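Let me begin by handing over the structure; questions about it come next.
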Amino acid sequence: MRSLLGGCRRFLAVLRKFLLENLREWGILLLALFFAPFFVFVFHLAFETAPVQYRLLLVDGDRGATATKGGLGDVLASDLAAFGQGGAGIAAAKIAVESVADAGAGAARVRKGEADLLLEIPAGFSASLAAGRKPVVIFHGDMASPRYGLLLALTYASAEAYVTAATGREAPLGIAEVSIRPESKLKPFDAAVPSLVILSILTVLFTAAALFVREAEKGTIKRLQLSRLTAFEYLAAAGLSQLLVALACVLLTLLTAMAFGYRLEASLPSLLLAAGLASASVVAFGLITAGLCGSVKDVMIVGNFPYLFMLLFSGVMPLPSPVFFSLGGRDFGLRDIFPLSHGVKALEGMMNFGLGPGDLGFELGAMALLTALWSLLGLFLFARRHLGGREASAVPG
Amino acid sequence: MICGFLAPGAGTISMAVRPEWGGARRAIGYCPQEIMVWETLSCREQLVFMGRVHDLGGRRAKARADFLLEALGLAERSRSLAKTLSGGMRRRLNIALALVHEPELVVLDEPQAGLDPQGRVLVREFVRSLRSTSSVLLTTHDMEEADRLADRVAIMDGGRILALDSPEGLRASEGAAEVVEVRRRTLEDVFIGLTGRRLRE
């Protein structure tokens, strides 16, 4: 009991020291705190001043064939141009339709990124339709582009509606859409906020790694090694100080987003639980980075590797993840070994769909377990590099 | 090696410490030759912090910090961040950090390096005062300093102890060349005589 109390006192002393150091190195602290909120501002500015727009080029070889009623080209141009008037989600996106005379020139513009899709309506389209034959339209575009896929679907739906109306046939399939997002979460800016929150947490990787390494680089860790402080007490206090910084980053990012109209669906305690676990996982990777680096300068170079790895493989970026095995109906892959992947799922579930910790038990549990395991690896690497192993082995026999 | 940072290639190091230290390393106060201070903590903050991680109570840690700041001429700068101190002050703070927990063995590595004459005198007298409470192991290239401070001197070369005795014993040893010295005032004596013993920084 006495040693536990002593441990708590030492832990608090180190925590206080780290918090004081963080506050006094205010330049770095401000950079960490306002990095993500700045991008919230940039995203908001971008989405508000320039709404998402898709660009369609139209080559209407059938123009004039149905002068009285309006051909497919005319109808598409007016239907798609009216898209995005007061809608939400994808329906808030605008579609700019531009007529071009020549398919070759239009395709060249798509290649140059000036448009997302070229729709070619061949001559005789109306005649085929009137004759009861199956008419064909041609889409030109980059099939690897999600913008192409989305515009294709919207254009196809509009064209199909035209054909069923023109032929007097019933549409073969009726569809109804049910959004799984709350109504308030359909603006593109809202969809971007969870990723920005995760970005704010990821920023702490560098500050945490630098904090761990600095003590060793300056040599002050040797003083602490001669004290009663244990490695666990020291690293836990350092980790907690960075966890607090990460949570402050999350709160500032959220507050900035809310100031721009974002509505938080999740309860704040649930969100802080998920954000806290995600932050702890980033601190664990900071410790691993520190275990591989000898100086703060090294951290700024080597740290980019785990930073990008987490950014790419945690689910923030849409990269596929190879599946290793399945258990209990759940696939486990490369992404599942990173705690932040589960953090991304948990935060997106809470922020996009209003889910609670009860709905995300697996993700939160996996995050806690994986964070503990990665922290152990970090402890091992840090202790080996900075707490004596290397120096001892360097002694000549 | 004594502090446990380096593993000995051969042999053992024995040290008698009271059991309440809970291990020999904790009974050591180490002042390295390099300055190892927390740049963004004030002098008092880092001394109190060191006391706390050595399990001193809050009041005791503060009292020790204040005593050491006074003894090493840093009381007026107790609230200054270490990064704002002059080189001499940082070196004295470096020494103070090794002594907060009143260690049984104080290891001082070139403690007077880079100090001005006033600082050297202050540190010398302070180190001499430590002899009443602690064993002091001081490494130096300055033979004058060793002569003035040490009860026993080990002369090392190439990692080997060539001689170990009191300064008087070493001087009287057979291998030592006989020297007749007429002592003149040293430049240090002249400098201190002209500028006084008061610390400038």
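FYI, it's all coordinate maths here, none of it is from the lab. These numbers come from a predicted model, not from an experiment. Virtual Cβ from ideal backbone geometry, glycine too; neighbours counted across all protein chains shown.
Compare the peptides A:26-33, B:133-140 by average per-residue count of other Cβ atoms within 10 angstrom and give them in order, highest first.
B:133-140, A:26-33
Remind me, relative contact order of the stretch A:124-261 in percent, using alpha carbon pairs under 8 angstrom and six or more residues apart?
Once normalised by length, the contact order is 21 percent.
Using a 7 Å offset from the Cα along the Cα-to-Cβ direction at both B:R160 and A:D359, what is the distance between the two label points in nm, to one decimal?
7.8 nm
If you take every DSSP beta bridge whose two residues both sit in the protein assembly as shown, what share of them, in percent to the nearest 5, is antiparallel?
Looking only at bridges with both residues in the protein assembly as shown, the antiparallel portion is about 40 percent.
Quick check on chain A: what are the equivalent-ellipsoid semi-axes from the Cα gyration tensor, as sqrt(5λ), descending, whole Å?
Working: eigenvalues 632, 86, 75 Å².
In descending order the semi-axes read 56, 21, 19 Å.
If you take each beta carbon of peptide B:23-29 and count the beta carbons of other chains within 10 angstrom, what is the mean?
2
Give the shape of the stretch A:255-338 as rounded, prolate or oblate, defined through the alpha-carbon gyration tensor: a ≥ b ≥ c are the square roots of its eigenvalues, a/c under 1.5 means rounded, and otherwise the shape is prolate if a/b is larger than b/c and oblate if not.
oblate
I'd like the orientation of helix A:26-49 relative to chain A: the angle between its Cα long axis and the longest Cα principal axis, in ° from 0 to 90, rounded to 10.
Computed tilt is about 10 degrees.
Does the stretch A:94-194 come out rounded, prolate or oblate, given a ≥ b ≥ c as the square roots of the eigenvalues of its C-alpha gyration tensor, rounded meaning a/c under 1.5 and, failing that, prolate meaning a/b above b/c? Working shown, then result.
Details: a/c = 3.07, a/b = 1.26, b/c = 2.44.
Oblate, since a/c reaches 1.5 and b/c is not below a/b.
How do the peptides A:365-373, A:329-337 rank, highest first, by the average count of neighbouring beta carbon atoms within 10 Å per residue?
For the peptides A:365-373, A:329-337, the packing ranking is A:365-373, A:329-337.
While we're looking at this one, here's another question. Going highest first, how would you order A:143-153, B:71-81 by mean Cβ packing within 10 Å?
B:71-81, A:143-153
Report, as an integer, the average count of C-beta atoms from other chains found within 10 Å of each Cβ along A:215-221.
Average per residue, whole number: 3.
Which pairs, out of A:K297/B:K83; A:K222/A:K297; A:K218/B:K83; A:K17/A:K218, put more than 18 Å between their alpha-carbon atoms?
Violating the 18 Å Cα-Cα cut-off are A:K297/B:K83; A:K222/A:K297.
Can you bin chain B into rounded, prolate or oblate? Criterion: square roots of the alpha carbon gyration tensor eigenvalues sorted a ≥ b ≥ c, rounded for a/c under 1.5, prolate for a/b above b/c, oblate for the rest.
Since a/c reaches 1.5 but b/c is at least a/b, the shape of chain B is classed as oblate.
Oh, and also: Using the basic label-point model (7 angstrom from Cα toward the beta carbon), what is the A:R330 to A:S99 distance in nanometres?
With each label placed 7 Å out from Cα toward Cβ, I get 5.7 nm.
Follow-up. To test your reading of the geometry: what angle, between 0 and 90 degrees and rounded to tens, separates the Cα axis of helix A:72-82 from the longest principal axis of chain A?
Rounded to the nearest ten degrees, it is 40.
Find the relative contact order for the stretch B:1-115 and round it to a whole percent, using C-alpha pairs within less than 8 Å whose residues are 6+ positions apart.
Normalised by residue count, the contact order of the stretch B:1-115 is 36 percent.
Taking only Cα atoms, what is the 0 to 90° angle, nearest 10, from helix A:188-202's long axis to the longest principal axis of chain A?
20 degrees
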